[in-house]
1. Quick check on A:Ser456: is it small (Gly, Ala, Ser) and within 16 Å of the chain's Cα centre (by Cα)?
2. Would you pick out the residues in segment A:253-303 that are closer than 23 Å to A:Thr434 by Cα and of a type in the set (Lys, Arg)?
3. Got at least one residue in segment A:395-405 being outside any helix (DSSP H, G or I) and either within 14 Å of chain B (Cβ to nearest Cβ) or in contact with a helix residue (DSSP H, G or I) (Cβ under 6 Å, 6 or more places away or on another chain) (or both)?
4. If you check B:Ser235, B:Ser181, which single one turns out to be among the polar types (S, T, N, Q), crowded, with 24+ Cβ neighbours inside 10 Å and not in a strand (DSSP E or B)?
5. Could you list, in sequence order, all residues of segment A:71-130 that are assigned to a loop (DSSP other than H, G, I, E, B) and within 16 Å of A:Leu38 (Cβ to Cβ)?
6. Could you list, in sequence order, the residues of segment B:300-348 that are touching an Asp or Glu at 6+ places or on another chain (Cβ under 8 Å) and under 22 Å from A:Val408 (Cβ atoms)?
7. Working only within segment A:273-310, note down all residues that are of a type in the set (Val, Ile, Thr), surrounded by 11 or more Cβ atoms within 10 Å (Cβ to Cβ) and in contact with a helix residue (DSSP H, G or I) (Cβ under 9 Å, 6 or more places away or on another chain).
Amino acid sequence: MKLECVPTVSELGSISILGQITNISAALKEGQVTPTELCQRCLALIRSTQFLNAYITVAEETALKQAEESEKRYRRGQPLGELDGIPIAVKDNFNTAGIETTCASNMLKGYISPYNATVVQKLLDGGAVLLGKTNLDEFAMGSGSTDGVFGPVRNPWSYSRQYKEKIVPRSDSEPENSNWVITGGSSGGSAAAVSAFTCFAALGSDTGGSTRNPAAHCGVVGLKPTYGLISRHGLIPLVNSMDVPGILTRCVDDAAVVLGSLAGHDPKDSTTVQDIFQPFALPSLTDVSKLSIGIPKEYHAPGLSSEILAVWSKAADLFKNAGAKVVEVSLPHTHYSIVCYHVLCTAEVASNMARFDGLEYGHRSDMNKSTESMYAATRREGFSDVVRGRILSGNYFLLKQNYEDYFVKAQKVRRLIANDFVKVFGSGVDILLTPTTLSDAVPYVEFIKEDNRTRSTQDDILTQAANMAGLPAVNVPTALSGRGLPIGLQFIGRSFQEKQLLTVAKWFEKQVQFPMIQLEEVKKHDNGVLQHQKSASFS
Amino acid sequence: MAARGCGGVWCRVLQRGPGGSCSASRPRRAVACNARGGAVPLGQSGLAPWAAVVGLEIHAQITSNSKLFSGSQVQFAAPPNSLVSFFDASLPGTLPVLNRRCVEATVMTGLALNCTINKKSLFDRKHYFYADLPAGYQITQQRVPIAVNGSLSYSLCKDNKMSQMVTKTVRIKQIQLEQDSGKSLHDDARSQTLIDLNRAGVGLMEVVMEPDMCCGEEAAAAVRELQLILQTLGSSQAIMAEGQLRVDANISVHHPGEPYGVRTEVKNINSIRFLAKAVDYEIQRQIKELENGGTVLNETRAFDSKLGCTVPMRDKEGKQDYRFMPEPNLPPLILYDAKSLPANVNHQQVVNIDWIHERLPDLPSVKRAKLVELYGILPEHSFTLVNEDGLMDFFEDVVKQTQMKPKKVIGWILSDLLSHLKQHSLTAKESPISSFLLADLLNLLENGDISSSAAKQGITAIHLKFSMWDSSSFQVFEELWKGEGKTPLEIVKEKQLELIQDQEELEQICQAVIDEREKEVMAIKGGNEKVINKLIGLVRKATRGRANPLLVKQILEKKLSE
């Protein structure tokens, strides 16, 4: 969400919490607001938006302590950087020392990790204030943020003026609150937390679209960096070969700021690249005429809503009209992606989940007839049906008699999918432009009519190929649907070309002027400049 | 491949007794070896000969400061669970980081075993649930291991005679890097299992030997040679008693020319001596089983060292499907040689095969050849010197410090020192007699200051001081050795072991012997000159070995011709 106005000291002598990181950072430096004030404001907003169920754990005490430390640094004139004092949230599948890490699973309920994930540590080292841990689908397996033991996350847009105005009550018999829509997932808690202004940035994880999908549904920027650019150490894995920490922010510039603090080699993760990462500030593009934007025709997928299709082609026209070269390209193996992903994902899930046996940590069943029966009971009690289903199919694919037919074939298809991208980028295309989701967010009551597997299959279809190929991709909020819900588009870039990707995304963000969410709860807590916000709509 | 396997008549015969019984003193039936290499059981007319096929899987713990994929220390017998990192306990979110030292040790071992080193190798996950395997899988190298297609030459003696050494070769299929598991300690009384993860994640090299051996002794000799190589390289301490070297034997029997029989895997073998026993027992068991019309089951058996037999292990979950999968958290392991080494590369980041190759120490076979060439000793002597822990260094130290010829020194080392050491289960490094003192003693002998029997008494006496069995000797030498800087010469003097240099004294003793032995003197004078040796012996006895035999002979001859 692009904020045109730089937060300024308002009549009430305070600063907006709706701003972007760079501006807040400047305000902190100038002493217009203190980290503690900022933190308290966010905590108050978390409380008043508790019904969203965005957070599993709110670490109020440690957050305030961190804010206090930050305040001391600002007073000494020695802040650690742009993130010092900035309130952030972290998806509850990243390890946080001293703060519960649950993966929204009974298996890890009450589990307190003794160490910080590298990305968490880097944020803390940069002075960021960790507000809490956000909700997700159990072990990040899902696309709705509806399948965790702490209940579903509600999309803040369900409570926006924009949505409320458009939505026609279905029937008198249904309770009013059945209209609320899902956030998408699995990083729905993080997306909702950013969308509802409870934090300035949040970490998600992205294995098949888990950052970009909820970002699209919640109207925020969601960046999935190149595989190997950011450390996975401390991220509880779903699919090691595809997982990347994701970044959810209010605007593209903020995503670049957070990326700058997280990227780079980690000796604790052998899959991170050795090259030194240079943090960058994004230039404001004025000329896109040298750009070549690829429109992959396979992303015109079955089930793509006409509304999204319209937004997508409008966006293509926007580039064309600005002088960019817009070409239709083909990624011919795209439609094999989902089934291939299913095999690889479940196989790795089966393997990664093997460690949850109740011995070293986490849930342990009371069953003690034998070690085997204890394992079985522990895993039955600790994992949901969705998790157990994936473990079962994964183990099936890995059986000696099936390995060649499923796993090896899926790996070969994965190679073909990755090569599709190599060919397209080799042909001179700089960036691919695609929809992020097939439609806008569905009401929860609709969503749960289909099971998790069906939903994941449908929802990952546009995002998941980028994970197969390890490419960077970003969701940029683009327009509101007819129902007043966010629609996002996805940009996919070349490996390790995050700067180019985000530069284009920033240009696009500026053009579309995505409207700001109108939330009563936020208004109450903001003394700033909300009323000055433009609400011009792109569509 | 006739050169491999059990070739020739030298192979120790396969013996078997009534099956089931583990008694060591059971009647045995001889099984001879045919020329082609098979063991031929005699008797039971009309049956084709049996041949045994033995392959080995050997796990060697890599000597390294830290574990294969984590920074935890590696240490034997540390307090339980004191060497466990978050990764070793498989805390969620932790990732493996490959220890370069373990890779280098494995490359070194591969080169020493004449393997082809794969420039690119891969890691895999092998899944099974077990309490001491916290992640539910072991990281290993199933598809592409570091080293493949090697060979190991080893020697053993024919018919248990040191003088008849035979050299054989076993093919090395592969050497792979993998993680060790933790340890489960079962407390049956309280029906509890306690887990110690200190060992979890320690680097192992799994050396897979092709089934080129045919009896326990061959297997034992091959493992001993491997052990020596590992210790020479320093890639593993390879102490079986500490579990640093673990051997599983795959054993089957068949009639030569027919397909291999069903094999069993024998585990729980914790010494080389037991390996030979276990393999031979299992061969005999299988032969008996088949001859009685039974079948051999494809099963895992454990060696019971107390009973000296193998027993079926209770299979945990029947047939395991390990559901192998590539380890996604470790990129392919790339090794370089001089040619492929990129120009601008940080040498700390890469493993250079050629660099390691150039720095390989002398392997045991080379050491033996050098000993033979340098000192003119017999090949079988060089074998003992190298195979006995620390003996070669001891020998070379003694040689350096004495005028005695190495060929003579070797006799002292092998027959006197070694037998004393073995008697007390000591290694050369633990020898109560230092190489310096032994050299001193040999110098006295070489200078004619003492006789060899006196010198031997010296060795025995010095040794007894430590064995604490002979209290009188113990007291004498305790006193001697307490006084610092006492040399063998001083000991010899105090024990009056030096040769009698006084000609007159010697002549008197000789005369006394002649006077006592009228019968022998008559025989000599009658032409049976050999009898003089008896008189010489009597003189030496009278002098407690302190007489120079040549001198005694001269005196006696002179006196008898008078």
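1. yes
2. Matches in segment A:253-303: A:Lys290, A:Lys297.
3. Keep residues of segment A:395-405 that are outside any helix (DSSP H, G or I), which gives A:399.
Still in the running and either within 14 Å of chain B (Cβ to nearest Cβ) or in contact with a helix residue (DSSP H, G or I) (Cβ under 6 Å, 6 or more places away or on another chain) (or both): A:399.
Within segment A:395-405, one or more residues are outside any helix (DSSP H, G or I) and either within 14 Å of chain B (Cβ to nearest Cβ) or in contact with a helix residue (DSSP H, G or I) (Cβ under 6 Å, 6 or more places away or on another chain) (or both).
4. Among B:Ser235, B:Ser181, only B:Ser235 is among the polar types (S, T, N, Q), crowded, with 24+ Cβ neighbours inside 10 Å and not in a strand (DSSP E or B).
5. The first filter runs over segment A:71-130 and keeps only residues assigned to a loop (DSSP other than H, G, I, E, B), leaving A:77-86, A:92-93, A:95, A:97-98, A:101-105, A:109-111, A:113-117, A:126-128.
A:Pro79, A:Leu80, A:Gly81, A:Glu82, A:Leu83, A:Asp84, A:Gly85, A:Ile86, A:Gly126, A:Gly127, A:Ala128, listed by residue number.
6. B:Phe324, B:Met325, B:Pro326, B:Glu327, B:Pro328, B:Asn329
7. Our first condition is that a residue be of a type in the set (Val, Ile, Thr); within segment A:273-310, this holds for A:273, A:276, A:286, A:288, A:293, A:295, A:308.
Adding the requirement that they be surrounded by 11 or more Cβ atoms within 10 Å (Cβ to Cβ) leaves A:273, A:288, A:293, A:295, A:308.
Within segment A:273-310, A:Val288, A:Ile293, A:Ile295 meet the criteria.
Every residue, every condition in (1) in contact with an Asp or Glu (Cβ under 8 Å, 6 or more places away or on another chain); (2) over 23 Å from B:Cys115 (Cα atoms); (3) of a type in the set (S, T, N, Q), yes or no:
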residue: B:Ala221; (1), (2), (3): no, no, no
residue: B:Ile251; (1), (2), (3): yes, yes, no
residue: B:Arg263; (1), (2), (3): no, yes, no
residue: B:Lys277; (1), (2), (3): no, yes, no
residue: B:Ile283; (1), (2), (3): no, yes, no
residue: B:Lys288; (1), (2), (3): no, yes, no
residue: B:Asn298; (1), (2), (3): no, yes, yes
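The values are calculated or read from the model by the stated rules, or taken from the named source; none is laboratory data. Keep in mind it's a predicted model, so treat the numbers as computed, not measured. Heads up, the Cβs are rebuilt from the backbone with ideal geometry, glycines too, and the neighbour counts pull from every protein chain shown.
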